[in-house]
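So the structure is just underneath, and the comments pick up after that.
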Amino acid sequence: MSDFRPLPEEPAAAASDRRAFHMPEPLSTLLDLADGWAGGALALILGGSHAAGTAVWVDVEGRSLSLSDLDLYAIVPDRPAQRAALARARADRPRLTAHRLAAGLAAPLEVAFLVPGDLERLPARPGTLELARHGRTVKGDPAWLERVPRWGPEDVSREETLLLHENRAFELLLAWPALAGRDRLARLQARHAVLKCALDVVRVEALLDQEYPEGPEALREWARRRARPALPEGARPAFAQLLEAARAWRAGAVRPLEPEDGRREWRTAVAAWAATWQGQFGPSYAGALAAARRSRLRRRLRRSLAWPTRSGLGPPFLSRLLYAPRGTPQQRVNAAAAVLLLAAATEAWSAADPTLPARA
């Protein structure tokens, strides 16, 4: 069993309310899909914003669609069952987008297949904090949730915090083209990503200070009190407005923006993302190289030798080995995304306030 400190005691009613949960139709069909991949899971546990009650929904052409990821943990009995589940999920991946949209999910479906011991050994990372606080059982005995470690924000390592920040770089890069597109759903998805990233910039800053504000309003207030991220004074009003937009979005004010306004929000989010990243690694390209190789050499070599991916795709073995001294495959990719955003931040600083000097 993991050695973890408990979270503060919940009121009995609140603890009872979150133990079991029934998914709304038609998203429940995705639970059946995940259960089929698992070969009949011992339990299915819902995490993320759908469990916390903060998922974002939108009406598009008369249909209700969720813009929030659906995060599931499927508990399977043993390693062979886990490998079989991963193989089934991988085989279904080419058809998954159509299946998700038909079920009302305009966002990724993420399923982690765990054996019972894996649940108890979940590492101290933001997703585990959320699961412990808000997880809901959608299949199986609700007592499975009691096995989730109760880590606190002070237990989350700098590495896990930086990985969260780097992951948001990809979402920002992917959002840019759709913000000016004609497809209404794509523009809504892109704005959702931008606002989510803005909140997560503050979440990363708070975690680096060993704090974990709950929800958009608390994150906005934390950023206001701490003046973080460390944006220039002239850029702070634009970021404060962005956080207010993120709070309203989560409260139901879901609408696409005109392309110019959407891209202005994007530039503000990028400026904040870059400020936090530069606070850890510095503003130069050398900082990106340092970020890529921040792991110990032993870990870089180990991850280059065995680099599993859900898709089964990845760099050839010799290529992974050749570049191992420069960083693990994932951290090199993350650093490349950071370089692209730092380049975009040159324009973002000026867009937030034309009197500011470019800095990236």
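The values are calculated or read from the model by the stated rules, or taken from the named source; none is laboratory data. The structure presented is a predicted model; accordingly, all values stated were derived computationally and were not measured. Glycine gets a Cβ as well: all are built from the backbone with ideal geometry, and neighbour counts include every protein chain shown. Surface accessibility is based on the protein's heavy atoms, side chains included, excluding ligands, DNA and RNA. Shrake-Rupley method; radii C 1.70, N 1.55, O 1.52, S 1.80 Å.
Name the shape class, rounded, prolate or oblate, that the alpha-carbon gyration tensor gives for region 254-294, where a ≥ b ≥ c are the square roots of its eigenvalues, rounded holds for a/c under 1.5, and otherwise prolate holds if a/b is larger than b/c and oblate otherwise. Could the numbers behind the result be given before it?
Working: a/c = 3.60, a/b = 3.42, b/c = 1.05.
Note, shape of region 254-294 comes out prolate.
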Highest to lowest packing among 328-340, 218-230, scored as the average C-beta count within 10 Å: 328-340, 218-230
If I compute solvent accessible area with a 1.4 Å probe over the protein chains, what percent of it on the chain is carbon and sulfur? 55
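Let me make sure I get this right: for region 66-220, a, b and c are the square roots of the gyration tensor eigenvalues over alpha carbons, sorted descending. Under 1.5 in a/c it's rounded, otherwise prolate if a/b > b/c, else oblate. Which is it? Could the numbers behind the result be given before it?
Working: a/c = 1.99, a/b = 1.11, b/c = 1.80.
Oblate.
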Counting every Cα pair in region 81-159, what percent are over 21 Å apart? 45
Give the shape of region 204-279 as rounded, prolate or oblate, defined through the alpha-carbon gyration tensor: a ≥ b ≥ c are the square roots of its eigenvalues, a/c under 1.5 means rounded, and otherwise the shape is prolate if a/b is larger than b/c and oblate if not. oblate
Roughly how much of residue 141 is accessible, in Å² to the nearest 10, using a 1.4 Å probe? 90
Amide H of residue 57 versus every other amide H placed in the peptide plane: which residues, excluding those fewer than 5 positions away on the same chain, fall under 5 Å? 67
Which ³J(HN,Hα) values in Hz, rounded to whole numbers, follow from the phi angles of region 189-199 under the Karplus curve 6.51 cos²θ - 1.76 cosθ + 1.60, where θ = phi - 60° and Gly and Pro get x? 4, 5, 5, 4, 5, 5, 5, 4, 5, 4, 5
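Give me the percent of Cα-Cα pairs in region 117-201 that sit more than 14 Å apart, rounded to a whole number. Write out the running numbers ahead of the final one.
Details: 2497 of 3570 pairs.
Everything past 14 Å amounts to 70 percent.
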What does the charge add up to near residue 286, with Lys and Arg as +1, Asp and Glu as -1, over the other residues with Cβ less than 14 Å from its Cβ? +3
For a quick protection proxy, order the peptides 41-48, 97-104 by their average other-Cβ count within 10 Å, most packed first. 41-48, 97-104
